[in-house]
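Visitor: Take this structure first; my questions come after.
The values are calculated or read from the model by the stated rules, or taken from the named source; none is laboratory data. All of these numbers come straight from a predicted model, not from anything done at the bench. With ideal geometry, Cβ positions are generated from the backbone for all residues, glycine too; neighbour counts draw on all protein chains shown. Side chains included, ligands, DNA and RNA excluded: accessible areas come from the protein's heavy atoms. Shrake-Rupley method; radii C 1.70, N 1.55, O 1.52, S 1.80 Å.
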Amino acid sequence: VSQSGKTYRQKVVTAVYREEAHVINMRNGGVGSLDESISTAMLGGRQFISIDNMRGRVDSQIMESALRGHGQVAVRAVRKAPVQISTHSFQWQLSSNGADMTRDLANRSIIIRVRKREPGYRFKEWPEGALVEHIRATSPSI
């Protein structure tokens, strides 16, 4: 359900590791296929790659290979030769209200459904603020 907290859950997970995700947002027009965005994220070297609010068909051979392949994939930056990147250190997150995944990608995924709370529900607040701020303030360095 829209606004149930799927992206917020991703922020909580990255906060536990004192990390920030490389966020990929899909574009309907212009330059930047999903595979190009994934390649850029992997070349950036952040541990968490979050594909946010995905809609429609998700068909990425790079992502499928990265999730369950040889332990490395060939990625390339614009106007650069492909390079082999180790896939062992990446954590993938995808939020969606209606993504249509390939069978291979679905088989390589752990699907978590987030239930939306009833209207007016109040989440716990900490002295630091909401849950993400509390985690960032109190989690030890890893």
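Visitor: Where residues in region 119-142 are among the acidic types (Asp, Glu) and part of a loop (DSSP other than H, G, I, E, B), which of them is most open to solvent (accessible area, probe 1.4 Å)?
Guide: So, considering only residues that are among the acidic types (Asp, Glu) and part of a loop (DSSP other than H, G, I, E, B), the one most open to solvent (accessible area, probe 1.4 Å) is 125.
Visitor: Tell me, please, whether a residue that is of a type in the set (D, E, K, R) and touching a residue at least 24 places away in the same chain (Cβ under 8 Å) can be found in region 21-29.
Guide: The answer is no, given that none of the residues of region 21-29 is of a type in the set (D, E, K, R) and touching a residue at least 24 places away in the same chain (Cβ under 8 Å).
Visitor: Can you list the strands (runs of 3 or more DSSP E) found entirely within region 21-118 that contain at least 2 residues being open to solvent by 60 Å² or more (accessible area, probe 1.4 Å)?
Guide: Result: 22-25, 48-58, 83-86, 91-101.
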